[in-house]
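Visitor: Submitted below is the structure of interest, expressed as structure tokens.
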Amino acid sequence: ISFAAKEIDVAEWKGDILAVGVTEKDMSKDENYKFQNSILKKLDGLLGGMLAEASSEEDFTGKAGKSMVLRLPSCGSKRVGLIGLGKTASSPASFQRLGEAVAAAAKTAQANSVAIVLASSEGLSNESKLSTASAIASGTVLGIYEDSRYKSEPRKPKLNSVDIIGLGTGPELEKMLKYAENVSSAIIFGRELVNSPANVLTPAALAAEASNIASLYSDVLSANILSAEQCKELKMGSYLGVAAASANPPHFIHLCYKPSSGPIKTKLALVGKGLTFDSGGYNIKTGAGCSIDIMKTDMGGSAAVLGAAKALGQIKPPGVEVHFIVASCENMISGTGMRPGDIITASNGKTIEVNNTDAEGRLTLADALVYACKQGVDKIVDLATLTGACIVALGPSIAGVFTPSDDLAKEVFEASEVSGEKFWRMPLEESYWESMKSGVADMVNTGGRQGGAITAALFLKQFVDEKVQWMHIDLAGPVWNDKKRVATGFGIATLVEWVLKNSS
């Protein structure tokens, strides 16, 4: 889709759909049932009052999530759509939803060209106009996208041009639209990784995808893929214990982003859980709610990390070095597999009694976090589809955040305000660590049922250097849209924003 920012009279625009984002206030009418908003008034005048009449008949009041599209063969645009924004619209998330709604209308109408305008944009600052245009563009791209790679008759959307009217023009706005395009393409890449079934996306295939990103942006990215033998030399017993049962060998992925010039002021690491399939091991996933049928999604953390790598390879921020780390493998069942009761040793020398083979993600992350600390980084964010407990606590749309660092929490939450993704900070209650103590090793890998997301985070904390600022994000809920049965690409937009905030 090609985006263009224009300052033209909406009445002069010609194309398939002219979409107007309206608040409930914009939809107010005078005693003669005429619009008071200037843009709606102008359009309604051109249409002989049809817009006001139809909105009354359809009881369209501008509520969020509601829309109305009229086909108008005599008008410059073939259709005029009113897209509800609710009482007010100010957040990036609300404008992203506007873009998604326009995309849905474009799909229904099989439109090639669309224009989007806000009924009221006069009060927006220049900075707000930039972020609004970016959010609208991002929502449109993500809304129009369908992953039909595995369908016998794949459908391709027809939309190829979007004009954003009334939010300004010029190089700054064009730069923001390009940024939205880069991040959206990375989110689509992340979605495709998670959507890919485990018979296609093996650990080797995930490593190949990572290497491909590095080769595409070789001016700033390099790849180092470690084999099982190399991981053994690094004493990654925790990670290799999980990988031991699978016929598909593990691949430890390490991409490194370095700007092509200028000094490095901050070193960051993004660590993603990369279980391309999780059977549960000998503690096999059984019964209602076990979700074994969607365990291809257990590499959602790695998809977020590699999606961020793709976007940053395109954006090329200065002054920051970023390490993207994924300990990828499958958790399967075989005679060589890890058993309940086994004791394994992580690469920092700590011993773990495995009391549940289905708590395997934290075992792979343990060695990945130790490896990340050895890269000399200042801050680490790890992302994992780690616990069902986090979904129980926060539902399907919100990721849980665990960190001892208030400063790091502030940075990531500021980034999420721009991305529109939802996070909630959870406690790291140290007294709960009692339930993680083993009689024969340093720790067990699971505590009791209560506070399961917290004890999982406390487990990960054992493998992070105290000098490093660290955050764990449990995205088990929002990584997957259960209603549509597709991946969301959650986390990528926030990670990119966070890295840019750390860039000079």
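The values are calculated or read from the model by the stated rules, or taken from the named source; none is laboratory data. This is a predicted model, so every value here is computed, not measured. Counting neighbours? That spans all protein chains shown, and the Cβs are built from the backbone with ideal geometry, glycine included. Side chains are part of the model used for accessible areas, which takes the heavy atoms of the whole protein and leaves out ligands, DNA and RNA. Shrake-Rupley method; radii C 1.70, N 1.55, O 1.52, S 1.80 Å.
Table: residues versus (1) outside the structural domain of Ser261 (by the TED database); (2) among the basic types (Lys, Arg).
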site: Ala135; (1), (2): yes, no
site: Ile144; (1), (2): yes, no
site: Arg149; (1), (2): yes, yes
site: Pro171; (1), (2): yes, no
site: Phe189; (1), (2): no, no
site: Ala205; (1), (2): no, no
site: Ser215; (1), (2): no, no
site: Ser222; (1), (2): no, no
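Visitor: When segment 38-77 is examined, which residues are found to be at pLDDT 90 or above, in a loop (DSSP other than H, G, I, E, B) and hydroxyl-bearing (Ser, Thr, Tyr)?
Guide: Correct list: Thr61 only.
Visitor: May I pose another question? Among the residues of segment 130-177, write down those that are in a loop (DSSP other than H, G, I, E, B), open to solvent by 40 Å² or more (accessible area, probe 1.4 Å) and touching a residue at least 40 places away in the same chain (Cβ under 8 Å).
Guide: Tyr145, Arg149, Tyr150, Pro157, Lys158, Asn160, Thr169
Visitor: Given the structure, is Lys265 under 17 Å from the mean Cα position of the chain (by Cα) and basic (Lys, Arg)? Walk me through it before giving the result.
Guide: Working: under 17 Å from the mean Cα position of the chain (by Cα): no; basic (Lys, Arg): yes.
Answer is no for this residue.
Condition check ((1) of a type in the set (Val, Ile, Thr); (2) surrounded by 20 or more Cβ atoms within 10 Å (Cβ to Cβ); (3) assigned by the TED database to the domain that holds Cys390) across all residues:
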{"residue": "Asp406", "(1), (2), (3)": "no, no, yes"}
{"residue": "Ala409", "(1), (2), (3)": "no, no, yes"}
{"residue": "Val412", "(1), (2), (3)": "yes, yes, yes"}
{"residue": "Lys437", "(1), (2), (3)": "no, no, yes"}
{"residue": "Val440", "(1), (2), (3)": "yes, no, yes"}
{"residue": "Ala457", "(1), (2), (3)": "no, yes, yes"}
{"residue": "Trp470", "(1), (2), (3)": "no, yes, yes"}
{"residue": "Leu475", "(1), (2), (3)": "no, yes, yes"}
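Visitor: Going by what's in this entry, would Ala89 be described as buried (at least 20 other Cβ atoms within 10 Å of the Cβ) and either within 24 Å of Gly15 (Cα to Cα) or modelled with pLDDT under 95 (or both)?
Guide: Values: buried (at least 20 other Cβ atoms within 10 Å of the Cβ): yes; either within 24 Å of Gly15 (Cα to Cα) or modelled with pLDDT under 95 (or both): yes.
In short, yes.
Visitor: Still on this structure, I have one more. Determine whether Ser246 is open to solvent by 10 Å² or more (accessible area, probe 1.4 Å), farther than 15 Å from Ile325 by Cα and touching a Phe, Trp or Tyr at 6+ places or on another chain (Cβ under 9 Å).
Guide: Numbers: open to solvent by 10 Å² or more (accessible area, probe 1.4 Å): yes; farther than 15 Å from Ile325 by Cα: yes; touching a Phe, Trp or Tyr at 6+ places or on another chain (Cβ under 9 Å): yes.
So Ser246 fits the description; yes.
Residue by residue, here is whether (1) under 17 Å from the mean Cα position of the chain (by Cα); (2) more than 20 Å from Lys316 (Cβ to Cβ) holds:
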{"site": "Thr140", "(1), (2)": "yes, yes"}
{"site": "Ser148", "(1), (2)": "no, yes"}
{"site": "Lys151", "(1), (2)": "no, yes"}
{"site": "Pro154", "(1), (2)": "no, yes"}
{"site": "Lys158", "(1), (2)": "no, yes"}
{"site": "Val162", "(1), (2)": "no, yes"}
{"site": "Gly166", "(1), (2)": "no, yes"}
{"site": "Lys178", "(1), (2)": "no, no"}
{"site": "Arg191", "(1), (2)": "yes, yes"}
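Listed here are the residues, each with its yes/no results for (1) assigned by the TED database to the domain that holds Ala228; (2) within 22 Å of the chain's Cα centre (by Cα); (3) crowded, with 22+ Cβ neighbours inside 10 Å.
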{"residue": "Ala309", "(1), (2), (3)": "yes, yes, yes"}
{"residue": "Ile315", "(1), (2), (3)": "yes, yes, no"}
{"residue": "Ile343", "(1), (2), (3)": "yes, no, no"}
{"residue": "Ser347", "(1), (2), (3)": "yes, no, no"}
{"residue": "Ile352", "(1), (2), (3)": "yes, no, yes"}
{"residue": "Thr357", "(1), (2), (3)": "yes, no, yes"}
{"residue": "Leu363", "(1), (2), (3)": "yes, no, yes"}
{"residue": "Ala366", "(1), (2), (3)": "yes, no, yes"}
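Visitor: Ok, one more. Restricting attention to helices (runs of 4 or more DSSP H) lying wholly within segment 219-335, give those where 1 or more residues are under 28 Å from Lys175 (Cα atoms). Quick ask: steps written out before the conclusion?
Guide: Values: elements: 228-233, 237-243, 300-315.
The qualifying helices (runs of 4 or more DSSP H) are 300-315.
Visitor: Could you run through segment 365-422 and say how many residues are without any contact (Cβ under 8 Å) to a residue 60 or more places away in the chain and either under 23 Å from Ile187 (Cβ atoms) or assigned to a loop (DSSP other than H, G, I, E, B) (or both)?
Guide: Of the residues in that region, 3 qualify.
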